[in-house]
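Shown next, in structure tokens, is the structure this report addresses.
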Amino acid sequence: MPPKSARKLLKNSLENLTKENFEKFRSELLDRRDGVKMNQVQGKSFLEVADVMISVYTERRALKVAEEILTEIHCGQEACELEKHFVDQHMDELIQRVANIPPILDKLLKAGVIQPEVYDEIRAERTSQGKMRALYHGPLRAGRKVQDIFLDILTAQEPFLIEDLKKK
């Protein structure tokens, strides 16, 4: 299954809202007064509202705004669905496409994200996919801060891959 883009995550969350909650969402979006105009969302479908949000904000910011609004209108489940980190959203592709793991492990060790024992265990994996799976099943489960550090390292080591995934 291909990873979900920010646009798809937003559309899926808005689609799951009841009609009443979707109306509340649109109302709260307009109340923010930070770029979305009434004629852009009034009477529009969840698909159109999602597209407006992506065009007014960046994809990342649109997800954050949606998360804030969903929390305000007590739609916690939908808000949680938007919280997926980039490295979680693109896990399958990162496992398959990141090839040069040793320098990433070196930087994770230097940053204190992994300990020497974990470093050795991951390096012992035979394939790059095995190494990436070990990262996902171990250190990357520690939370957003670790994922942020990992993403920064990946961006430096694999800029074209990350750029490609951000387009999705």
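Sorting Ile149, Ile162 by accessible area (1.4 Å probe), largest first, what list results?
The residues order as Ile149, Ile162, largest area first.
For the stretch 1-157, what's the relative contact order in percent, using C-alpha pairs closer than 8 Å and at least 6 residues apart?
23
Convert each backbone phi in the stretch 136-146 into a coupling constant with the Karplus relation 6.51 cos²θ - 1.76 cosθ + 1.60 (shift: θ = phi - 60°), then list the ³J(HN,Hα) values in order as whole Hz, x for Gly and Pro.
In residue order, the calculated couplings are 5, 7, x, x, 6, 7, 6, x, 5, 4, 5 Hz.
Excluding Ile114 itself, what net charge comes from residues whose Cβ is under 14 Å from its Cβ, given Lys and Arg +1 and Asp and Glu -1?
Once all neighbours under 14 Å are counted, the net charge is +1.
Please calculate the 1.4 Å probe accessible area of Ser5, with all protein chains present, and give it to the nearest 10 Å².
Counting only protein heavy atoms, the figure is 10 Å².
So, counting K/R as plus one and D/E as minus one, what does the shell of residues with Cβ under 11 Å around Glu125 add up to?
+2
Using the Kirkwood radius over C-alpha pairs as Rh, can you work out the diffusion coefficient of the chain via Stokes-Einstein at 37 °C, viscosity 0.692 mPa s, in µm² per second? Please report the intermediate quantities before stating the final value.
Values: Rh = 17.5 Å.
Here the translational diffusion coefficient equals 187 µm²/s.
What order do you get for 57-69, 24-36 when each peptide is scored by the mean count of other beta carbon atoms within 10 Å, highest first?
Working: 57-69: 17.8, 24-36: 15.6.
Final packing ranking: 57-69, 24-36.
Which percent of the accessible area of the chain is formed by carbon and sulfur heavy atoms (probe 1.4 angstrom)?
Within the chain, the accessible surface is 49 percent carbon and sulfur.
Taking only DSSP H segments of four or more residues, each worth -39500 (n - 2.57), what value at 222 nm results for the chain once the sum is divided by all its residues, to the nearest 500 deg cm²/dmol?
Value at 222 nm, helices only, nearest 500: -20000 deg cm²/dmol.
Could you run the Karplus curve 6.51 cos²θ - 1.76 cosθ + 1.60 with θ = phi - 60° over the stretch 27-34 and give me ³J(HN,Hα) per residue in whole Hz, x for Gly and Pro?
Rounded to whole hertz, the list is 4, 5, 4, 5, 5, 5, 6, 10.
Starting from the Cα of Lys167, draw a straight line to each of the aspartates and glutamates and keep only those under 12 Å, dropping any in the same chain fewer than 8 residues away.
Glu59
Send over a whole-number figure in Å² for the accessible area per residue of the stretch 65-155, probe 1.4 Å.
Value returned for the stretch 65-155: 53 Å² of accessible area per residue.
Using θ = phi - 60° and the Karplus relation 6.51 cos²θ - 1.76 cosθ + 1.60, list the HN-Hα couplings for the stretch 155-163 in order, rounded to whole Hz, with x at every Gly or Pro.
Result, rounded to whole Hz: 4, 6, 7, 10, x, 6, 5, 5, 4.
Taking the dipole about the Cα centre of the stretch 1-141, with the C-beta of Lys and Arg at +1 and of Asp and Glu at -1, give me whichever of Leu82, Phe22, Met132 is farthest to the positive side.
Met132
Roughly how big is the chain's charge dipole about its Cα centre, with Cβ charges of +1 (Lys, Arg) and -1 (Asp, Glu), in debye to the nearest 20?
I would put it at about 280 debye.
Compute the distance from the alpha-carbon center of the stretch 12-32 to that of the stretch 69-108, in whole Å.
24
For Lys37, give me every one of the aspartates and glutamates with a C-alpha distance below 17 angstrom, ignoring sequence neighbours fewer than eight places off in its own chain.
Once the sequence-local aspartates and glutamates are set aside, what remains near Lys37 is Glu23, Glu28, Glu48, Asp51.
The values are calculated or read from the model by the stated rules, or taken from the named source; none is laboratory data. Just so it is clear, the model here is predicted, and its values are computed rather than measured. Cβ atoms come from the backbone with ideal geometry, glycine included; neighbour counts cover every protein chain shown. For the accessible areas, the whole protein counts, side chains as well, though only heavy atoms, and no ligand, DNA or RNA atoms are used. Shrake-Rupley method; radii C 1.70, N 1.55, O 1.52, S 1.80 Å.
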